[in-house]
Amino acid sequence: MKVGIDLLHFATANYYLGLDTFAAEKNIDVDKFYVGIGQEKMSIASPDEDIVSLAAKAAAPILQKINSSEISAVLFATESGVDQSKSAGVFLHGLLNLSNRCRVVEFKQACYAGAAALQMATALVKANPKEKILVIAADVAKYDLETSGEATQGCGAVAMLVTESPRILEIEPGSGYYTDDVMDFWRPNSRTTALVDGKYSTKVYLNSLKQVWEHFTESTGKSFTDIDYFCYHIPFTKMAEKAHQTLVRKAGVKLTQAQFEAQTLPGQLYNRIIGNSYSASLFISFISLLDNLTSNIENKRVSFFSYGSGCVAEFFTGVMQPGYQSVLMTEKHKAQIDKRTPLTYIQYLEFHQQMGASDENIVLNINNYGPYRLAGIKDHKRYYEKMDN
Ligand code: HMG
């Protein structure tokens, strides 16, 4: 039985900060960002946007294409949780009017949680082919102002429907995984911004890649040349480039520059203009690959490297299904990115200050274009609304 991704769609915020604006304000050469870390823009969430509104915006077009009462579970991966107890997925369940005959749970392990949720969903469907599982990976990447991480913010949500006989990608059995208790990036409960040991985090990321590759090749018997396209967790696109260089060296293969770029570049284009979206970032890379390739990649194998600081990593593969192009939502993705509004530096500061704010009573101004938004907080309870557009 084949199990995997039947439909997928992503959402990002309606605003972005150009790294040219950022560089001019800080008097830094813009090439440090365009070339040095390979980023051009970062999506910035307005105060009335959070992981729940982003997740609803990501999932709604999928639900329009299926009988949504058949969703048997929502697995919501995030490290930007809105409540210490209630799962973000339960807010989402209400907002999307899903069936009460559904289980909902939140997954956390930094950026790795999305891959964990996808693997768990695949296992649930294998155990019972009637299951139709909505996997969400949604995050707002936020660092303190004037820190090394500030240029690597962003946000996004990916919704994936996991079923048997999937129309887009069959997830293959077998993977390589790795855990090590390290402090490269973390966010204590009292903080809305992450703390990071930036340079160390890039080393741990690359070491984890080598470890999961060894485990993957041992456990599956597959080698580098069995894989056609490589998607990586992308905190910034230069990291994916370094990851691919590391893997090529580790696997002992020789590639021309054109082959190297063909395997990875299309999967970086959206991430370059969205920024980091933590648990969603690997899957935005996959969508970027599918939306930006000019050729048909039916039956080709795609690999996924998920890295979550702290740290847990996994390397797994999937095979593109015949006819997958007919169910992609490329136009919707492109339109969403194109419609974003650029922020001035001052507007960015205002949003940054309020983003993920406390749970004090507040009625939020409408900045989010919808279709879903956080309307306000009253008596420590969050209120979401569906807008008319
Ligand atoms: P930094 O100190 O701002 O930058 O930190 P830098 O001085 O190291 O410069 C970056 C690169 O730009 C360097 O190249 C420079 O040479 C180059 P490299 O040595 O890396 O090849 N450069 C230039 N190039 C061209 N023209 C110029 C120029 N100037 C400099 N004029 C850092 C960079 C990534 C550390 C910082 O942005 C950061 O701390 N980011 C947050 C942490 C992060 O993203 N880590 C990635 C791995 S961990 C991960 O992916 C997990 C994560 O997503 C969280 C999770 O799991 O939940 C973060």
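The values are calculated or read from the model by the stated rules, or taken from the named source; none is laboratory data. Small disclaimer: the values here were computed from a predicted structure and weren't measured. Counting neighbours? That spans all protein chains shown, and the Cβs are built from the backbone with ideal geometry, glycine included. The area values use the complete protein model at the heavy-atom level, side chains included, leaving out ligands, DNA and RNA. Shrake-Rupley method; radii C 1.70, N 1.55, O 1.52, S 1.80 Å.
Some observations on this one:
- Percent antiparallel among DSSP beta bridges (both partners in the stretch 59-186, rounded to 5): 45
- Accessible surface area normalised per residue over the chain is 41 Å², counting heavy atoms of protein chains with a 1.4 Å rolling probe.
- Contact order relative to length of the stretch 3-386, as percent, for alpha carbon pairs under 8 angstrom and 6 or more apart: 25
- Rounded to the nearest Hz, the phi-derived 3J(HN,Hα) couplings of the stretch 157-174 under the Karplus curve 6.51 cos²θ - 1.76 cosθ + 1.60 (θ = phi - 60°) are 9, 10, 10, 10, 8, 9, 9, 7, 6, x, 8, 10, 9, 8, 7, 7, x, x, where x marks glycine and proline.
- Within the chain, the percentage of alpha carbon pairs spaced more than 27 angstrom apart rounds to 44%.
- When the charge dipole of the chain is built from unit charges on Cβ atoms (+1 for Lys and Arg, -1 for Asp and Glu) and taken about the Cα centre, the candidate among 75, 123, 204 whose Cα reaches farthest toward its positive end is 123.
- Global geometry of the stretch 159-282, whether rounded, prolate or oblate, following the gyration tensor of its Cα atoms and the 1.5 cut on a/c: rounded
- In order along the stretch 20-25, the phi-based Karplus estimate (6.51 cos²θ - 1.76 cosθ + 1.60, θ = phi - 60°) of 3J(HN,Hα) comes to 5, 4, 4, 5, 5, 4 Hz; Gly and Pro are listed as x.
- Positive-end extreme of charge dipole, the stretch 3-386 - chosen from 102, 154, 355 (charges on Cβ): 102
- Rounded to the nearest 10 Å², the accessible area of residue 144 at probe 1.4 Å: 60
- Value of [θ]222 nm, deg cm²/dmol, for the chain, DSSP H segments ≥ 4, -39500 (n - 2.57) each, nearest 500: -10000 deg cm²/dmol
- Heavy-atom accessible area with a 1.4 Å probe sorts 231, 102, largest first, into 102, 231.
- Table column - 3J(HN,Hα) (Hz), the stretch 368-374, Karplus curve with 6.51, -1.76, 1.60, x for Gly and Pro: 5, 6, x, x, 10, 8, 7
- Exposure of residue 326 as accessible area (Å², to 10), given a probe of 1.4 Å and all protein chains: 100
- Ranking 213, 186 by solvent-accessible area of protein heavy atoms (1.4 Å probe, all protein chains present), from largest to smallest, gives 186, 213.
- Packing rank of 119-130, 69-80, 253-264, 273-284, where each peptide gets the mean count of other beta carbons within 10 Å, highest leading: 273-284, 69-80, 119-130, 253-264
- Distance between the C-alpha centres of the stretch 217-269 and the stretch 1-70: 23 Å, rounded to the whole angstrom.
- Area accessible to solvent at residue 183, 1.4 Å probe radius, in Å²: 110
- Share of carbon and sulfur in the accessible heavy-atom surface of the chain [1.4 Å probe, %]: 49
- Bridges between two residues of the chain, per DSSP, are antiparallel at a rate of about 75%.
- Relative to the Cα centre, the charge distribution of the chain, modelled as +1 at Lys and Arg Cβ and -1 at Asp and Glu Cβ, gives a dipole magnitude of about 620 debye.
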